[in-house]
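Okay, structure first, notes after.
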2 protein chains.
Amino acid sequence: MADLVGNLLVAQSGGPTSAINASIAGAIQEAGRHPELVEEIYGGLNGILGILNEDLIDLQEEKRHAIEGLKYTPAAALGTCRYKLDFKKQPEQAAQDLDRLFEVFQAHNIRYFLYTGGNDSQDTSLKIHEEAAKRGWDMRVIGIPKTIDNDLPHTDHCPGYGSVVKYNATTVMEIGADVSSMATDDGSCCVIEVMGRAAGWIAAGTVLARRTPSDPPHIILLPEIAFDEAKFLARVKETVQTHRYCVVVVGEGLKDASGQEVAADRTRLDAFGHPVLSGAAERVAEIVQQHLGTKTRTVKLGYAQRCAAHLASATDAAEAARCGEEAVRAAVAGQSGYMVKLVRDPNPPYRATTALQDLRDIANVEHRIPREWIAEDGFLPNEKFIEYARPLVEGEVKPPMDGGLPKYVVLEKARIEKKLPPRKAS
Amino acid sequence: MADLVGNLLVAQSGGPTSAINASIAGAIQEAGRHPELVEEIYGGLNGILGILNEDLIDLQEEKRHAIEGLKYTPAAALGTCRYKLDFKKQPEQAAQDLDRLFEVFQAHNIRYFLYTGGNDSQDTSLKIHEEAAKRGWDMRVIGIPKTIDNDLPHTDHCPGYGSVVKYNATTVMEIGADVSSMATDDGSCCVIEVMGRAAGWIAAGTVLARRTPSDPPHIILLPEIAFDEAKFLARVKETVQTHRYCVVVVGEGLKDASGQEVAADRTRLDAFGHPVLSGAAERVAEIVQQHLGTKTRTVKLGYAQRCAAHLASATDAAEAARCGEEAVRAAVAGQSGYMVKLVRDPNPPYRATTALQDLRDIANVEHRIPREWIAEDGFLPNEKFIEYARPLVEGEVKPPMDGGLPKYVVLEKARIEKKLPPRKAS
């Protein structure tokens with residue numbers, strides 16, 4: 001394979017996480033080790049949306065310690081987007097966008113393109129890889145996995161997942177101590193809502209808070225298991241009778257047997273006549289309150305859980321950085337059309353290495369929790385899940401503190417001069 | 001004053017915090033330094049509710065490192081309660097309870113009684129102190145301040161407050177980075193609900209997340225300032241136009257000009273015809289969504305904020321411990337009927353010492369944020385508030401970790417043999 005000399009462009013896509021910037025740091029640092037091939041290292045602002053607008057920055061203008069600091073800085077330092085090339089729903093727009101992307105790539109001699117993200121973003125990478133081949137534009141495209149949802153196939157787990165689990169399990173443990181210390185004979189039930197529309201990986205991860213069988217969470221409601229109100233209420237009642245309190249974790253996408261989201265409150269319609277989504281925790285707490293009369297409280301962690309870098313997993317951050325490094329190594333070695341994945345050693349102690357997986361195997365495949373990793377009654381993940389998840393939360397990242405609060409990195413974002421006319425408004 | 005020899009009883013009351021156990025640790029350790037006066041060190045389970053039931057534990061049976069570990073352990077290790085001696089609403093019950101409390105004190109030769117808590121709990125301490133004098137039962141009663149709400153008078157601030165501010169400000173900073181990195185030209189608005197029914201100290205504290213004028217939170221809605229929908233919407237719109245996103249913090253007790261809680265959704269009634277309390281963040285987000293069409297997300301930290309010991313303030317934990325120590329020193333020195341308070345040195349650098357305040361000055365007085373500490377438009381606390389709050393979040397407690405999650409202390413709770421017939425059910 002002939003050596004390909006040119007510029008590298010890296011961008012971030014999809015929901016931010018505590019670890020996605022670590023992948024960018026790894027990629028930038030590794031790119032710097034190949035000066036004979038990689039001439040300039042650019043960042044695209046707000047994913048492909050920024051690339052379409054030719055909003056590029058010069059990452060070699062950033063301070064070295066700022067790049068290193070990305071390893072403990074949450075959110076997407078380059079900005080992110082949910083924009084995609086949707087050839088199904090908007091074929092004309094997608095074709096026009098793809099043209100424009102290649103105008104930008106060619107104008108800036110982009111020969112290495114790295115894109116971090118989940119399912120949709122890997123699909124974008126695949127389309128760009130295929131288009132490059134079609135156009136004869138010699139460019140290597142590598143996807144870097146990122147999603148708190150942990151639903152990408154083929155990789156053992158996704159960078160970002162370990163950190164959200166570490167934070168959520170800690171939070172559930174702390175809330176459990178709080179509710180437990182207030183529990184008198186009246187009983188009380190706290191319902192904690194966590195992210196996860198389709199897959200329950202995040203909710204399941206809070207099981208790590210249980211060090212003894214009486215510890216919270218006592219019930220985890222997974223989107224994969226149809227919500228059975230009667231069975232659930234019986235379990236809450238039993239738990240309150242035994243422990244005087246009950247901590248319930250619910251994945252936001254919890255569904256009933258008909259597939260309807262439980263969060264949708266059909267007694268309440270918005271201005272357009274659609275049921276108001278009041279939140280899964282609010283809805284579940286209402287059900288408990290109504291039927292058992294138990295005092296209830298709700299917590300909705302929302303965005304807090306995916307950006308809680310003050311309690312990020314060091315394992316997660318290190319793996320995210322390695323995925324970024326591996327993406328560059330693969331690209332400069334001539335690979336294209338792959339996503340970096342994490343492969344777990346089959347034997348303990350826990351160790352994960354990186355490898356490549358064809359992007360065509362990734363797009364539009366969703367990785368679910370195996371049913372045999374969940375207790376038969378559906379209320380808690382079992383030992384198989386715990387064995388899987390436990391190593392992912394090991395170690396603390398410890399961002400530097402300034403005045404008692406974390407000091408995260410903000411990039412300077414030196415803009416690259418635009419060479420093209422503005423993108424046409426569509 | 002004659003030396004008073006006998007047993008010490010300490011108990012916890014009101015909502016748990018990240019620092020209340022540090023006060024208990026301080027009290028136990030200081031009590032151990034006065035063996036000539038303090039014979040046994042007992043804990044009352046679940047505040048006066050447990051004392052009424054004679055549920056006492058022997059704190060000298062606990063391991064020394066467990067007591068030290070209370071300094072980083074959240075929630076109330078002895079259990080807590082919201083039970084009070086309510087002579088206004090339930091005079092007979094209150095009188096009967098007071099009788100019973102003194103039966104327990106006398107049966108166990110309690111000569112030192114320490115009670116940690118907020119307003120109501122200090123009122124309980126005052127009543128017990130006065131009753132002891134009336135009955136001629138020689139016992140010293142000292143209150144230890146504790147409340148995340150920071151609304152106790154006379155003390156510069158309350159143990160528990162610094163930790164909730166540290167956690168909440170960090171969370172707002174992290175969520176700000178997240179929302180900012182996703183902000184494209186559409187704009188988005190994240191509304192974060194924090195605790196505080198009457199006082200806005202907690203909401204105001206999140207202002208520490210702002211290191212530059214463009215940093216979030218952009219708007220803080222305090223329960224003290226009547227919610228002006230039009231003015232608020234104009235500010236959100238302006239913020240989104242300037243920064244492309246907007247982070248709003250709202251105190252759960254936000255009220256409109258008529259004094260009605262904003263969280264009460266009057267379009268939606270429960271089975272009894274009362275408006276459903278949907279949560280202040282949900283309500284504020286709905287208003288933004290409805291009038292500006294800006295994409296909104298909500299976070300409700302709930303209990304998570306008051307038990308987040310993984311990010312507790314070292315200043316707060318140390319001061320909480322010192323308040324516990326001071327309570328014992330005051331009691332063995334012959335004082336009774338006081339609450340320990342924190343007094344800030346008038347000159348920098350920040351330093352707080354402990355002193356005593358008559359319990360009669362504490363009960364039923366609520367300490368509010370001075371109006372001159374809030375910007376004229378009511379949307380952000382100003383430099384005076386920041387100067388006050390900043391030192392309280394300094395330093396990290398760092399609980400030990402085990403398997404990537406905090407390892408908090410659970411007490412063994414060796415029960416003291418009961419000497420009385422069971423409390424009569426009322």
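Computed quantities for the displayed model
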{"item": "Conditions (1) within 14 Å of chain A (Cβ to nearest Cβ); (2) out of contact with any helix residue (DSSP H, G or I) (no Cβ under 6 Å at 6 or more places or on another chain): number failed by residue B:305", "result": "(2)"}
{"item": "Cross-chain or 6+ apart pairs with Cβ under 6 Å, the stretch B:64-78 first and more than 9 Å from residue B:24 (Cα to Cα), then of a type in the set (Asp, Glu)", "result": "B:74/A:174; B:75/A:178"}
{"item": "Some residue of the stretch B:91-104 being in the same structural domain as residue B:127 (by TED's automatic domain parsing), of a type outside the set (Asp, Glu) and in a loop (DSSP other than H, G, I, E, B)", "result": "no"}
{"item": "Of the criteria (1) of a type outside the set (Lys, Arg); (2) surrounded by 20 or more Cβ atoms within 10 Å (Cβ to Cβ); (3) outside the structural domain of residue A:325 (by TED's automatic domain parsing), which one residue A:153 fails", "result": "(2)"}
{"item": "Residues of the stretch A:202-220 classified as surrounded by 18 or more Cβ atoms within 10 Å (Cβ to Cβ) and either touching a helix residue (DSSP H, G or I) at 6+ places or on another chain (Cβ under 7 Å) or at pLDDT below 95 (or both), total", "result": "13"}
{"item": "Of residues in the stretch B:316-329 being buried (at least 24 other Cβ atoms within 10 Å of the Cβ) and either at pLDDT below 95 or within 14 Å of another protein chain (Cβ to nearest Cβ) (or both), the one nearest to residue B:113 (Cα to Cα)", "result": "B:319"}
{"item": "Residues satisfying the stated conditions in the stretch A:158-191, i.e. buried (at least 24 other Cβ atoms within 10 Å of the Cβ), more than 8 Å from chain B (Cβ to nearest Cβ) and not small (Gly, Ala, Ser)", "result": "A:158, A:159, A:161, A:164, A:165, A:167, A:168, A:172, A:189, A:191"}
{"item": "Check on residue A:236, more than 11 Å from every other protein chain (Cβ to nearest Cβ), in a strand (DSSP E or B) and touching a residue at least 40 places away in the same chain (Cβ under 8 Å)", "result": "no"}
{"item": "Inter-residue pairs, beta-carbon under 8 Å, first without any contact (Cβ under 8 Å) to a residue 60 or more places away in the chain and in the stretch B:184-207, second surrounded by fewer than 22 Cβ atoms within 10 Å (Cβ to Cβ), 6+ apart", "result": "B:185/B:244; B:196/B:253; B:197/B:253"}
{"item": "Considering residues of the stretch A:58-103 that are aliphatic (A, V, I, L, M) and away from chain B (no Cβ under 14 Å) only, the residue surrounded by the fewest Cβ atoms within 10 Å (Cβ to Cβ)", "result": "A:95"}
{"item": "Count - residues of the stretch B:330-352 that are assigned to a helix (DSSP H, G or I) and surrounded by fewer than 20 Cβ atoms within 10 Å (Cβ to Cβ)", "result": "0"}
{"item": "The stretch A:245-278, residues that are touching a Ser or Thr at 6+ places or on another chain (Cβ under 8 Å) and either at pLDDT 95 or above or not assigned by TED's automatic domain parsing to the domain that holds residue A:186 (or both)", "result": "A:245, A:246, A:249"}
{"item": "Cross-chain or 6+ apart pairs with Cβ under 8 Å, the stretch A:400-421 first and within 17 Å of residue B:212 (Cβ to Cβ) and away from every other protein chain (no Cβ under 12 Å), then modelled with pLDDT of 95 or more and exposed (fewer than 12 other Cβ atoms within 10 Å of the Cβ)", "result": "A:412/A:63"}
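The values are calculated or read from the model by the stated rules, or taken from the named source; none is laboratory data. Just so it is clear, the model here is predicted, and its values are computed rather than measured. Don't worry about glycine lacking a Cβ; one is built from the backbone with ideal geometry, like all the others, and counts go over all protein chains shown.
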